[in-house]
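Note sheet for the following structure.
Values in this text are rule-based calculations from the coordinates and carry no lab data. The shown structure was predicted, so the numbers you read here are calculated from the model rather than taken from an experiment. Glycine gets a Cβ as well: all are built from the backbone with ideal geometry, and neighbour counts include every protein chain shown.
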Amino acid sequence: MKKYILETKRLTKEFRGFVAVQDVNLQVERDSIHVLIGPNGAGKTTCFNLLTKFLTPTSGQILFDGEDITRDKPVKTARRGMVRSFQISAVFPHMTALDNVRVGLQRMTGASYRFWESGRRLDRLNDQAYALLERVDLKSFAHHIVADLPYGRKRALEIATTLAMRPRLMLLDEPTQGMGHEDVGKVTQLIKEVSVGKTILMVEHNMNVVAKIADRITVLSRGSVLAEGSYAEVSKNKAVVEAYMGTAISKLQQEAG
């Protein structure tokens, strides 16, 4: 078994002469939490869009479990086991939490979700759906309409629906964005718990979150890799601090001291 579940080699994306991502070499180890950080415009979301095939690279290569997926379509990439969440909650707001998870589970059976058919045909998925909801502390919200759930609960539900797809690699795009302090803590702990036996690649701005859960960090600046390493290594990297993270890191170090 290969050490890295995901690798990029000189990954580059240009938009009419503007280089959004340039020569990015990324290596994501199995069973780890790898975090991409950087300021707005650093290229983080563009990287995610390239990895999940929403964008086509200008040049470079993407390897998933050793196989070249550079030219794969998004659906094929998802079927390989690379499943992504987004910056905004991407669940069905007018369905129950239970039905949202059943959609993900049914997708894995190879059948399409047919909204005009009776939900009874999906009852066979209930046990799995309840188990996933319980895993993210949402079992008591199973029959709640998602639109009525607090924002933090919606993000937890999105993690449950992502898990329903049985991912080999979960890509989480700013999972704590827009949350209050209490929800940030809950979702951070949730990510840590669901990461056991799985690989997570995530974009995150909250350095408190990054410090608590990242096994490895890649720092992007202007589309290129500026630094890589553990939080301890990155937070002491002079180039990183001088570039754009001095305030955030200094504050965190003061709190830790």
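The ellipsoid equivalent to the alpha-carbon distribution of the stretch 2-46 has semi-axes of 23, 13, 6 angstrom, derived from the gyration tensor eigenvalues as √(5λ) and listed largest first. Taking a sphere under 10 Å around the Cβ of TYR231 and counting the other residues whose Cβ falls inside, with K and R at +1 and D and E at -1, yields a net charge of +1. Subtracting the Cα-Cα distance of GLN128 and GLN189 from their residue separation scaled by 0.36 nm leaves 19.8 nm. Full extension of the chain between SER140 and GLU67 yields a length gain of 22.2 nm, computed as 0.36 nm times the residue separation minus the alpha carbon distance. Along its principal axes, the stretch 1-78 has C-alpha extents of 39, 26, 20 angstrom, given from the largest down.
A simple rule links phi to the HN-Hα coupling: the Karplus curve 6.51 cos²θ - 1.76 cosθ + 1.60 with θ = phi - 60°, which for the stretch 2-10 gives 5, 5, 9, 7, 9, 9, 10, 10, 6 Hz, with x for Gly and Pro.
So what is log10(I(q)/I(0)) for the chain at q = 0.09 1/Å, when the Debye sum runs over its Cα atoms only? Those come out to -0.42, one per q. In the chain, helices alone account for a calculated mean residue ellipticity at 222 nm of -10000 deg cm²/dmol, with every DSSP H run of four or more residues adding -39,500 (n - 2.57). The aspartates and glutamates within cross-link reach of LYS2, meaning a Cα-to-Cα straight distance under 17 Å and a gap of 8 or more places when in the same chain, are GLU29, ASP31, ASP65, GLU67, ASP68. The angle between the Cα long axis of helix 151-164 and the longest principal axis of the Cα atoms of the chain comes to about 80 degrees, rounded to the nearest 10. In this structure, TYR151 and VAL75 have a Cβ-Cβ separation that, at R0 = 25 Å, corresponds to a calculated FRET efficiency of about 0.30.
Dividing the radius of gyration of the alpha carbons in the stretch 141-240 by their Kirkwood radius gives 1.01 for Rg/Rh.
Between helix 97-109 and the chain there is an angle of about 80 degrees, using the helix long axis and the longest principal axis of the Cα atoms.
Legend: residue pairs LYS3/LYS73; LYS212/LYS236; LYS3/LYS192, Cα-Cα distance threshold 23 Å; pairs beyond threshold, LYS3/LYS73. Placing dummy labels 7 Å off each Cα toward the beta-carbon, the span from HIS94 to VAL196 is 3.9 nm. Considering the zone a paramagnetic label at ASP215 would reach in this model (a point 7 Å from Cα along the Cα-to-Cβ line), which residues of the stretch 146-172 have amide N under 17 Å from it? Flagged as within label range: 167-172. Residue separation of PHE54 and LYS2 scaled by 0.36 nm, minus their Cα-Cα distance, works out to 16.2 nm of gained length.
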